[in-house]
Structures are given as C-alpha cells and as structure tokens.
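Have a look at the structure below, then the notes.
The values are calculated or read from the model by the stated rules, or taken from the named source; none is laboratory data. All values derive from a computational prediction rather than experimental measurement. Every residue, glycine as well, gets a Cβ built from its backbone with ideal geometry; the counts of neighbours run over all protein chains shown. Calculation scope for accessible area: heavy atoms of the full protein, side chains included, ligands and nucleic acids excluded. Shrake-Rupley method; radii C 1.70, N 1.55, O 1.52, S 1.80 Å.
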Amino acid sequence: LVPAELPTINGIRISSLFVDNSDMGGDYLDTVVLGKNSVGLFMCDAADAGVESGILLLELYSVLHNQPEKMDTPDKMLNAMNWVIATSRYTNRYVPALYCTYNSNTKEISLTGAAFNPLVLYNMKKDEFVEFDVKGIPLGLEKNYSYEMKKIKIAGEIVGFMYSDGIITAVNKNGLAYSTGRIKDIIRLNKEDTPAILA
C-alpha cells in the first residue's frame, strides 16, 4: 500500500524511505491533499499481524482516502479510523499511528497521535530539534476513545521527520542499533538538500 508518489501542495516537499525487511511488515505511509493549501500525512505500524496486517491497512487506507477533506483535522481522522478498526468483523488487532496536517496559509501543523513515535522538527535558524508527541491509545483498542490534537506554529525553514519503530529497532551485524540521532545528524549536516536527498 505504500504509494509510489506522495501527493503534496505548494510550500512543502515530502519524500519517504521504505525498506521492507520483514515477512510480517506492516508499516504504512501516505499523504492526502485536503485542499489548495492543506495536506495530511499519515503513518502507522500494523506489523507482525500476518494477513490481518494487510486487512488493517486496507481499512485505514479506505478511511484516509474516502473524502479526507471532510475530516479536516487529525483528531477527526483518527477518531474515524479508530471506530472502523474497533468495530471491524475482520480483525482483532490495534495499530499505533500518527496523523498530521500542514496548512501553508496559516503556517501551522496540527497533529494527533495514537501511541506512535513523535513528530520531529528541525529549526534551521536555531539549529535545534524539537519532538512533538501527542498521547493517545493505539487505533482499535477502544471504539469510544476520543483523540486529542496539538497545533504547532511554523516559523522559518523547518525540516521534519516521522518514523516507525522499524528504524529504531534496526541493528547492524555487530549489534549496533540505528537511532533517531543518526537521522538528526544527516539532517543537520545536509539541511540545504531536498527531502529526496535526505531520504
């Protein structure tokens, strides 16, 4: 389900890196254009559930792409996804997820999390990283749960990244773990490059 191209809007560039290193992989990253000035970015991890991973991701894909402009805030989107998964007759699993929107008019990021890794933003001018975490339970765990939203005002040039657990649990043959610190180093040293080159 990982798209070959991520739709976007003027004022933001998006690239992704997906490495399928597991027979039971279930990471999913996608974007939806919500209007001329707004785009949504969604990421989740339905790994290690076998066939159910695929079914879960199809359910999430359907909600994300079924008139996403009507669920114009991340909390509305995750509330809808949560209800679909929690009431599904086909799966009995839960999914950590993160959904954020960016509005190029207001220069604002809105985000809602479901027990997922934080959104990390790098401010080029200040040369600092800030992690934004929104607490919430995984999708599908409790059908009446209400997700909360956080807003972040963007000032200046920002590079951000979202990541699944696959990147922080990866180890090389010597047992050395990959980490978000390495991603931050790459961004800091190559901040003038495009997202595609950073990926």
Point to revise | Residue count, segment 54-72 (criterion: within 24 Å of residue 150 (Cα to Cα), open to solvent by 20 Å² or more (accessible area, probe 1.4 Å) and touching a residue at least 12 places away in the same chain (Cβ under 8 Å)) | key: 4
Revision key, fill the gap. Exactly one of 120, 33, 84, 51 is of a type outside the set (S, T, N, Q) and free of Cβ contacts under 8 Å to residues at least 12 places away in the same chain, and that one is 51
Review point. How many residues are crowded, with 16+ Cβ neighbours inside 10 Å and polar (S, T, N, Q) if we restrict to segment 154-199?
Key: 2
Check your understanding: Any residue in segment 136-143 that is more than 30 Å from residue 83 (Cα to Cα), aliphatic (A, V, I, L, M) and open to solvent by less than 60 Å² (accessible area, probe 1.4 Å)?
Key -> no
Check your understanding: Here are some conditions: (1) touching a residue at least 12 places away in the same chain (Cβ under 8 Å); (2) open to solvent by 70 Å² or more (accessible area, probe 1.4 Å). Residue 75 meets all but one. Which one does it not meet?
Key -> (2)
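Taking the stated definitions as given, is residue 147 part of a loop (DSSP other than H, G, I, E, B), within 22 Å of residue 34 (Cα to Cα), at pLDDT 95 or above and not aliphatic (A, V, I, L, M)?
Considered against the rule, which asks whether it is part of a loop (DSSP other than H, G, I, E, B), within 22 Å of residue 34 (Cα to Cα), at pLDDT 95 or above and not aliphatic (A, V, I, L, M), residue 147 comes out as yes.
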Check your understanding: Does at least one position in segment 87-106 carry a residue that is touching a helix residue (DSSP H, G or I) at 6+ places or on another chain (Cβ under 7 Å), under 28 Å from residue 190 (Cα atoms) and of a type in the set (Ser, Thr, Tyr)?
Key -> yes
Exercise for review: Pick out the one residue from 19, 39, 32 that is in contact with a helix residue (DSSP H, G or I) (Cβ under 6 Å, 6 or more places away or on another chain), of a type in the set (Val, Ile, Thr) and within 24 Å of residue 118 (Cβ to Cβ).
Suggested key: 32
Exercise for review: Within segment 45-97, track down each residue that is under 20 Å from residue 135 (Cβ atoms) and of a type in the set (Asp, Glu).
Suggested key: 45, 75
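For segment 1-56: of the residues being more than 21 Å from residue 167 (Cβ to Cβ) and in a strand (DSSP E or B), which is modelled with the lowest pLDDT?
35
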**Study point:** Filter pass, residue 5 being farther than 19 Å from residue 113 by Cα, under 18 Å from the mean Cα position of the chain (by Cα) and not aliphatic (A, V, I, L, M)
**Key:** yes
